Structure formats: C-alpha cells, structure tokens
Amino acid sequence: MKKIDLLKKIEEAKIKQKAGNSLEANQIFQILLKSNNDSFDLLYAYGLFCRDLKNFNLAKRIFLNLINKFPSSINPYILLAEILKIENKFKDAERVLLKAIKIDPNHGDLLYNFSLLYFALRNFDYAIVYIDKAIKLSINNDIYKLLKSEIYINKLNVDKALLILEDLNKKNRIKKDKNKEIRINILLSDAFLKKRKYEKAELLLLKLIKKYPRLELAYLNLSIIYNDKNQLSKSIKILKKGINLSPNFMPFYRNLASFYRNSGELKLAIETNLFIISRNKFDFNSFYELSGIYDFKNHKNELNFLFNIKLENLNPNSKIYAAFAISNLLHKEGKFKESAKYLKIANDVSMNFKKSDLSLKIKHTEFYRSLKIKNSKNNFSKNSSNYIFIVGMPRSGSTLLENILSLNSEVADMGEVNFLEESVKETKDFKDVHDLYEKKVINQFKSSIIYTDKSLFNYMYCAIISNFFPKAKIINCIRNPLDNILSIYRANFLNQPFSFSLKDISNLYLHYFETIEEYKNKYGENIYDYYYEDLIENPNDVIPEIINWLDWDWDEKYLSPHQNKRNVYTASSAQIRKKFYSSSIGIWKEYKELLEPAIEIIKTNKILRDKIT
C-alpha cells in the first residue's frame with residue numbers, strides 16, 4: 001500500500017476512535033497490520049490507540065517493537081516511559097528515558113518527560129533541572145512553563161509559581177486557548193490554597209465552574225479548599241454536586257469516602273469505599289481505608305480477593321496499600337506474625353520511593369536546640385495564654401487529647417497546622433514570631449478564646465514557644481516507646497518517610513525524648529507530660545489533672561471524648577469515635593521479633609530502657 005493511502009486509512013481509524021467507534025477503528029488497524037507491519041506511522045498510531053484504550057501491555061509491546069526497529073526515533077521511548085509511569089514502574093521508566101537521552105540529549109519533550117517523572121517521584125530538585133533545560137530549548141513553550149509552575153507550587157516556592165502563572169494568564173487572554181485557561185486557573189487556585197488565600201482560590205474555581213459547569217477538577221479542588229478550611233459539610237456537598245454531573249469520575253468518590261471518615265460518618269465511608277471497589281477491585285487504596293474501619297463480614301468475596309492477591313504482580317503503589325490492608329486485617333484477627341510480614345513488605349516498598357527525612361529532622365531540631373535566644377520570657381510582654389501546643393511523636397495519643405480539650409466550647413482545635421514552623425522561618429530574630437503566628441491563626445480560624453495547635457514536631461521549638469509565647473501551655477504526649485514506634489510503622493505515613501524504617505523511627509523517638517527532657521529542665525513550668533497509657537487506664541484521675549493544670553473549670557463531659565462530633569483529619573479519625581480502649585497497650589510484645597532493631601536502639605537510653613523491661 002502506498003504511504004499516502006496508508007496515512008488516509010490511519011486517519012480514518014483515528015476518526016472512528018474519536019467518534020467512540022473503537023471496534024471499527026480496531027478492525028481498520030488489524031487489516032492494515034497484515035500487510036504493513038513494518039510501517040512506523042502505522043505501529044505508532046496503533047500503539048497510541050492501544051494506550052488510549054488502556055491496553056497497556058499491548059501498547060508497551062508495540063512501543064518496544066518500534067524502539068527495536070527505529071532506535072533513533074525518540075517518541076516511542078517517551079510513550080513507553082509514560083505507560084511505565086502510569087503503572088508506577090518508575091525505575092523502568094527512568095531507564096527507558098536515560099536510554100533515549102543518550103540518543104538525543106536536546107529533545108525538549110524528552111526533557112519534559114524526565115521532569116514529569118521526577119515530579120511524580122516528588123524529586124522536585126531534579127524535576128526543576130530538567131524542565132529548565134526543556135524551557136531553554138523552547139523558550140515559548142507554555143506547557144513546559146505550566147509544569148515548572150506546578151513543581152514550584154509543590155516545592156512551596158509559591159511566589160515563583162505565581163509569577164509564571166500570571167505571565168501565562170496575560171498571554172492567554174490574547175490567545176484564548178481553553179485548555180490552557182483551565183490549567184492556568186487550576187494551578188493558580190492551587191497556589192492560592194498553599195498560601196491559604198482561600199477566598200482567591202475559591203473565587204477562581206467558582207468562575208471556572210460557571211464558565212465550564214462540567215469541569216470535574218474544579219469541583220474536586222473546591223472540595224479540597226473547603227476541607228482545608230475545616231468545612232467538611234461544604235466539601236461533601238460540592239462533591240455530591242460533581243457526582244451528579246459526572247457520576248463516573250472516581251476521584252470524587254475517593255475524596256468523599258475520606259471526608260465521610262473525617263466527619264465521623266463511618267457507615268457512609270464504608271459504603272463509599274465498597275462502591276469504589278465494586279467499580280475497580282484493584283483499588284487497594286480503598287481496601288486500605290476499609291481495613292481500619294470494616295471487617296468485611298458481609299463482603300467475603302472482596303476479602304478473599306485481597307488475601308489471595310499476588311503482591312509481586314502489583315505495581316509498587318498498589319503493593320504498598322494492599323500489604324498495609326492485609327496487615328491491618330490480620331492484626332485484627334490476632335495473627336500478629338503474619339501481620340508483621342505484610343507490614344514489613346509495605347514499608348520496605350515505600351522506602352524504595354522516598355528517602356528518609358530522619359537526618360533532616362534531627363538537624364533541624366539540633367539547630368534550634370543549640371540556638372542562643374536573646375529574649376527571655378521575663379522581659380517579653382506578649383499575652384499568649386490562649387495557645388496550647390500539643391507536641392510529641394505521631395501516634396502518641398495526641399488526637400485523643402485534642403478531642404478531650406475541644407469539648408471546651410471556648411476551644412478552636414486547629415489540628416496539625418504549620419503556623420509555628422512558617423512563622424519561625426519568616427522571622428529574623430524571633431521578636432515578631434508571635435505576631436506572625438497570630439496573623440495566620442486569625443486568617444484561617446474563627447475568633448476563639450483558646451486555640452490548640454497539634455503540630456507534633458513543634459517540640460523542636462519549645463525554647464521559642466517558652467520565650468516568645470511565655471503564657472502558652474505545652475502538653476508533651478508520651479506513650480510507651482515500643483508501642484509508639486510500632487504504631488508509627490503501622491500507620492502508612494506517606495508524608496513522613498522516616499516512618500518506613502523501624503531504625504529511623506526509633507532513632508527519631510530517642511532524639512525527641514532526649515530533646516524534650518532537656519527542654520523540660522529549662523522550661524518545666526510551661527510543659528505538662530501527658531502519659532497515654534495512664535489516661536486510658538485511669539481517665540477519671542488523669543483527665544481532671546490535665547484540666548486542672550490548664551486552670552479550666554471542671555465538667556464531666558471531658559470524660560466522654562468519643563461523643564465529640566468534631567471533624568478529625570489524622571490517622572486516628574476512626575479510633576477516637578470509640579470509648580477508651582486498652583487493646584493497643586503493650587501490643588508491641590506481639591511484634592517483638594519484628595521490633596528487635598527498635599529495642600536495641602531504645603535500650604541505649606537508661607530511662608527508656610526501664611519503660612520496656
């Protein structure tokens with residue numbers, strides 16, 4: 001067949017596909033392939049066709065065939081890497097792109113795809129390097145610049161992102177490219193969200209919805225804004241509106257399930273996750289969510305599918321969630337040795353994708369620990385008695401504590417906000433750290449008499465709190481070290497990569513403990529030690545002690561935190577809906593073999609050694 005006739009037939013197949021007639025398009029391709037299977041144009045078009053139909057295995061074979069037959073053509077490498085990235089096979093995707101870049105180191109789209117890969121891996125420094133190279137080759141390529149702005153947003157270099165986006169916005173007002181308009185405004189709303197300029201972010205998305213009423217991403221992002229503003233009912237409402245318009249857009253349901261769980265609507269959270277699994281039985285994120293709140297007693301088929309899945313056949317992301325889910329369910333059944341096996345699998349895979357931040361956390365802590373602070377609380381006049389800082393290690397009972405304190409009608413529970421860390425970074429000599437912090441609080445939360453800040457790693461800043469928030473209260477959450485370490489290891493903390501390694505968790509626990517002991521010696525009157533086990537075993541004594549230390553009036557309601565209807569956004573959002581339970585106390589003994597590395601590290605501290613013997 002002559003090339004011109006072949007190209008006409010390929011175009012005919014593309015038109016059929018675009019019209020939704022994939023079967024007819026495939027028939028055209030099959031006829032053409034019988035006599036033209038050496039044509040680059042045909043194989044390339046058929047590979048794209050298979051990719052669009054999500055027939056990734058066949059698409060990969062076609063692109064590999066093209067690479068073997070036409071090794072100097074770059075696009076097959078890019079498309080093969082793109083599919084591998086979708087499958088979370090990031091190392092394989094990187095190998096393909098590295099092979100291509102040896103052939104053409106100055107290919108803009110290849111550099112762009114390198115940047116996309118590293119962006120997906122959250123290696124933002126590498127992502128910036130490659131997108132800058134791509135932009136240097138194509139200075140007017142707006143798609144490249146949009147990716148650069150998105151990387152900056154995720155690196156929290158939001159002002160740099162805004163400069164790029166505002167420039168692109170001006171240009172697009174002239175060009176009037178619909179797709180670019182949508183992406184620019186979605187990214188602008190993301191940037192404003194990161195800066196906590198909620199009104200600006202919300203206004204942009206509402207304008208997009210007015211202009212493009214079926215724009216799914218606008219509804220989804222709007223729900224995230226309301227969630228960040230602690231307006232879960234509005235989040236759920238906007239998601240339901242999106243679902244009515246686009247009932248097959250699954251990210252709506254994933255967010256909805258999460259918001260139901262955070263608002264305490266566990267029955268609805270279970271139903272929504274089960275619906276997601278009914279649409280895609282390989283959605284192991286939903287299996288993981290359910291493993292914490294549901295026993296699958298009425299869904300035996302789904303449970304059997306999960307337990308019989310071959311983890312080695314899953315992509316890394318699915319493998320992590322499936323292994324965590326299986327571990328959780330085995331833990332509930334009391335099969336602790338088997339649970340430990342899957343727990344280790346999940347965390348080991350996670351470690352391959354995220355570098356531990358242990359050294360960064362310790363370095364950060366040591367910087368502030370060794371700082372010579374000029375101002376003392378004696379000559380600093382700010383009235384900061386309306387702030388309570390809850391500090392400690394994750395999974396140390398902090399959510400339960402905040403649930404108790406928030407039963408006070410005068411308390412605004414802020415949760416895990418980064419206000420103090422941001423304020424410390426923004427000030428030069430700390431003199432205005434209180435004012436900076438207060439502005440952030442006022443900007444995001446309604447006026448209240450007392451605010452609880454549960455950003456646990458604020459223990460790093462105890463010296464700053466004690467000197468520049470002299471009347472603030474610090475409550476240090478303490479839990480048995482091995483129970484605490486195990487709980488962190490079981491929690492799947494995606495944004496805390498130290499949590500994937502028992503050694504790293506243990507070393508951080510040790511460093512935290514020694515740091516807070518030093519701060520207690522210096523600022524003891526400001527710091528109260530709250531022991532999780534004591535509260536669980538004897539709430540009638542411990543809770544009144546905490547309330548008395550805070551100098552609050554006593555009320556019996558503090559003894560029933562499980563009745564608190566507040567929204568909770570942490571890994572403990574389901575557990576705190578229950579009455580006090582002691583089943584997790586001493587549970588580390590069931591995982592003693594797994595915890596051997598942690599035990600050795602914890603035993604190096606005499607005080608902690610006594611707690612685990």
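What follows is calculated from the coordinates using simple rules that are stated; it is not laboratory data. Predicted, not measured: the structure shown is a model, and the values here were computed from it. Cβ coordinates were reconstructed from backbone atoms using ideal geometry, including for glycine residues, and neighbour counts include every protein chain displayed.
Kindly indicate whether any position in segment 529-541 is in contact with a Pro (Cβ under 8 Å, 6 or more places away or on another chain), part of a helix (DSSP H, G or I) and either surrounded by fewer than 21 Cβ atoms within 10 Å (Cβ to Cβ) or of a type in the set (Lys, Arg) (or both).
no
None of Lys155, Lys195, Lys180, Lys175 is free of Cβ contacts under 8 Å to residues at least 24 places away in the same chain and either in contact with a His (Cβ under 6 Å, 6 or more places away or on another chain) or charged (D, E, K, R) (or both) except Lys175.
Taking the stated definitions as given, is Phe493 closer than 21 Å to Asp357 by Cβ and outside any helix (DSSP H, G or I)? Before you say what the answer is, go through the steps one by one.
Working: closer than 21 Å to Asp357 by Cβ: yes; outside any helix (DSSP H, G or I): yes.
Yes; evaluated as a whole, the condition is true for this residue.
Rundown of residues vs (1) among the aliphatic types (A, V, I, L, M); (2) farther than 23 Å from Ala161 by Cα; (3) surrounded by 19 or more Cβ atoms within 10 Å (Cβ to Cβ), yes/no style:
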{"residue": "Lys207", "(1), (2), (3)": "no, no, no"}
{"residue": "Tyr219", "(1), (2), (3)": "no, no, yes"}
{"residue": "Ile243", "(1), (2), (3)": "yes, yes, no"}
{"residue": "Met250", "(1), (2), (3)": "yes, yes, no"}
{"residue": "Arg261", "(1), (2), (3)": "no, yes, yes"}
{"residue": "Leu268", "(1), (2), (3)": "yes, yes, no"}
{"residue": "Phe282", "(1), (2), (3)": "no, yes, no"}
{"residue": "Leu290", "(1), (2), (3)": "yes, yes, yes"}
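The set of residues in segment 388-403 being aliphatic (A, V, I, L, M) and within 20 Å of Asn262 (Cβ to Cβ) consists of Ile390, Leu400, Leu401.
Among the conditions (1) crowded, with 19+ Cβ neighbours inside 10 Å; (2) of a type in the set (Phe, Trp, Tyr); (3) farther than 24 Å from Asn521 by Cβ, the only one that Tyr461 does not satisfy is (3). Where helices (runs of 4 or more DSSP H) fall wholly inside segment 290-406, the ranges with 3 or more residues that are without any contact (Cβ under 8 Å) to a residue 60 or more places away in the chain are 300-308, 316-332, 336-351, 358-369.
Which members of segment 208-261 meet the condition of being free of Cβ contacts under 8 Å to residues at least 12 places away in the same chain and basic (Lys, Arg)? Full working, then the answer.
Here is the first cut: in segment 208-261, the ones free of Cβ contacts under 8 Å to residues at least 12 places away in the same chain are 210-211, 231, 234, 237, 244, 247-248.
Answer for segment 208-261, where residues must be free of Cβ contacts under 8 Å to residues at least 12 places away in the same chain and basic (Lys, Arg): Lys210, Lys211, Lys234, Lys237.
Where helices (runs of 4 or more DSSP H) sit wholly within segment 57-140, those with at least 2 residues that are in contact with a Pro (Cβ under 9 Å, 6 or more places away or on another chain) occupy 90-103.
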